[in-house]
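The values are calculated or read from the model by the stated rules, or taken from the named source; none is laboratory data. This structure is a prediction, so every number in the text was calculated from the model and none was measured. Cβ placement follows ideal geometry from the backbone for every residue including glycine, while neighbour counts extend to all protein chains displayed. Note: areas computed on protein heavy atoms with side chains; ligands, DNA, RNA excluded. Shrake-Rupley method; radii C 1.70, N 1.55, O 1.52, S 1.80 Å.
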Amino acid sequence: MPNYDYSDALETVSFLRERLPFTPVTAIVLGSGLGEAASIIDERMTLNSSDIPNWPCSTAPGHAGRLILGTVHSRPVMILQGRVHHYEGYSLKAVTFPVRVLGMLGTREYIATNASGAVNMLYRAGEILAVKDHINLMGDNPLTGQNEPRWNERFPDMSRAYDPEMLSILSEIGLKQSVYAAMPGPSFETPAEIRMLRILGADLVGMSTVPEIITANSMGMKCAVLSCAANMAAGVDPDHTLTAQEVLDAMRDAAYKLSWVIEQLIDIMNRSTKGA
Ligand code: HPA
């Protein structure tokens, strides 16, 4: 069992450097049920996570566990199909290990996607939102413990953890900006918890991504999160029973629209980088 520390990451980085024909500038993480969105990439090579030393492998439904290297609108990209979650029993060091490896490889942008429940009553199931900030209620932080200064400083700033430039592109594309509350799961929230989250200022609730953003931001990567509100959160419809299957179905339905959003984001980023 790896410790998911700096030396484990070095081993994984050297394994990948030996095999990857180029370094991905942008990483795109596809959440539950969104595997189909990987079709946006002009694929150069695919690795199974289970073949990569120290890589944490998912047990969650809808998570394929593949790394796909290629280009999107000529930009060198790595798509990570599947992530591991805290609720699977993984430590946040394990959950964020892929982020550490990407940061060490030299990846500059970290674009994550996820499924969420809509806390904001003005949203509707199936909508895709841009996350502009978060509230970490997981009860843990991936940077807890002895600090590794080669990775990040002890107290990283979080004021611009969600890259303002990518957020403004996403607004331009027509996405609303949302506050995402991270809960530990794996049970869905209670109606009272959802009312609490609404009072706290959350628009969305989910069980992932926040540890990845804390880590990626601490390493200086620019981050964006696209969240698909798969369902209205608990209690919005008192007669409705939430199921994992309905979340997966909503995500599969959203995959095409999400692919379009990611392609637009990268296309516009390419143009603004070239203009710089
Ligand atoms: N709560 C937490 N996580 C989720 C939800 C939800 O309602 N829907 C999809 N992921």
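Here's the yes/no breakdown for (1) among the polar types (S, T, N, Q); (2) within 15 Å of the ligand (Cβ to nearest atom); (3) open to solvent by 40 Å² or more (accessible area, probe 1.4 Å):
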| position | (1), (2), (3) |
| --- | --- |
| ILE199 | no, no, yes |
| MET207 | no, yes, no |
| VAL210 | no, yes, no |
| ALA216 | no, no, no |
| ALA230 | no, yes, no |
| ALA234 | no, yes, no |
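Scan the range 143-197 residue by residue and report those that are assigned to a helix (DSSP H, G or I) and open to solvent by 80 Å² or more (accessible area, probe 1.4 Å).
Those that are assigned to a helix (DSSP H, G or I) and open to solvent by 80 Å² or more (accessible area, probe 1.4 Å): GLU165, GLU172, ARG195, MET196.
Would a scan of the range 62-80 turn up a residue that is within 17 Å of ALA37 (Cβ to Cβ), touching a Leu at 6+ places or on another chain (Cβ under 7 Å), within 16 Å of the ligand (Cβ to nearest atom) and open to solvent by 20 Å² or more (accessible area, probe 1.4 Å)?
Yes, there is a match, as at least one residue in the range 62-80 is within 17 Å of ALA37 (Cβ to Cβ), touching a Leu at 6+ places or on another chain (Cβ under 7 Å), within 16 Å of the ligand (Cβ to nearest atom) and open to solvent by 20 Å² or more (accessible area, probe 1.4 Å).
Assuming ALA244 fulfils every condition listed in (1) open to solvent by less than 40 Å² (accessible area, probe 1.4 Å); (2) within 12 Å of the ligand (Cβ to nearest atom) apart from one, which condition is it?
Failing condition for ALA244: (1).
Does the range 55-77 contain at least one residue that is out of contact with any Pro (no Cβ under 7 Å at 6 or more places or on another chain) and without any contact (Cβ under 8 Å) to a residue 12 or more places away in the chain?
no
Taking the criterion of being open to solvent by less than 50 Å² (accessible area, probe 1.4 Å) and among the acidic types (Asp, Glu), would at least one residue in the range 47-56 satisfy it? Steps first, answer last, please.
Initially, the range 47-56 is screened for residues open to solvent by less than 50 Å² (accessible area, probe 1.4 Å), giving 47, 49, 52-56.
Next, only the ones that are among the acidic types (Asp, Glu) stay: none.
For the range 47-56, residues open to solvent by less than 50 Å² (accessible area, probe 1.4 Å) and among the acidic types (Asp, Glu): absent.
Can you tell me which of (1) surrounded by fewer than 15 Cβ atoms within 10 Å (Cβ to Cβ); (2) at pLDDT 95 or above is the one THR12 doesn't meet?
Failing condition for THR12: (1).
Of the residues SER91, SER116, which is among the small types (Gly, Ala, Ser) and within 16 Å of the ligand (Cβ to nearest atom)?
Details: SER91 fails: within 16 Å of the ligand (Cβ to nearest atom).
Of SER91, SER116, the one residue that is among the small types (Gly, Ala, Ser) and within 16 Å of the ligand (Cβ to nearest atom) is SER116.
Enumerate the pairs (first residue in the range 129-154 and free of Cβ contacts under 8 Å to residues at least 24 places away in the same chain; second residue anywhere and open to solvent by 80 Å² or more (accessible area, probe 1.4 Å)) with beta-carbon separation below 9 Å, excluding pairs fewer than 6 apart on the same chain, so at least 6 apart or on different chains.
If the second residue must be open to solvent by 80 Å² or more (accessible area, probe 1.4 Å), the pairs left are ASN147/GLU153; ASN147/ARG154.
For the range 108-127, which residues satisfy the criterion of being touching a strand residue (DSSP E or B) at 6+ places or on another chain (Cβ under 6 Å) and open to solvent by 10 Å² or more (accessible area, probe 1.4 Å)?
Within the range 108-127, GLU109, ALA115, TYR123, ALA125, GLU127 meet the criteria.
Given the structure, is LYS132 assigned to a helix (DSSP H, G or I) and open to solvent by 40 Å² or more (accessible area, probe 1.4 Å)?
Details: assigned to a helix (DSSP H, G or I): no; open to solvent by 40 Å² or more (accessible area, probe 1.4 Å): yes.
Against the criterion (assigned to a helix (DSSP H, G or I) and open to solvent by 40 Å² or more (accessible area, probe 1.4 Å)), LYS132 does not qualify.
Could you list, in sequence order, the residues of the range 198-211 that are part of a loop (DSSP other than H, G, I, E, B) and more than 14 Å from the chain's Cα centre (by Cα)?
Selection gives GLY201, ALA202, ASP203.
Is it true that some residue in the range 33-46 is within 19 Å of THR215 (Cα to Cα), surrounded by fewer than 18 Cβ atoms within 10 Å (Cβ to Cβ) and modelled with pLDDT of 90 or more?
no
Might you check whether a residue that is of a type in the set (Gly, Ala, Ser), more than 18 Å from ILE262 (Cβ to Cβ) and touching a residue at least 40 places away in the same chain (Cβ under 8 Å) occurs anywhere in the range 163-174? Please lay out each step first, then the result.
Of the range 163-174, the ones of a type in the set (Gly, Ala, Ser) are 168, 171, 174.
Filter once more, keeping what is more than 18 Å from ILE262 (Cβ to Cβ): none.
Checked the range 163-174: no residue is of a type in the set (Gly, Ala, Ser), more than 18 Å from ILE262 (Cβ to Cβ) and touching a residue at least 40 places away in the same chain (Cβ under 8 Å).
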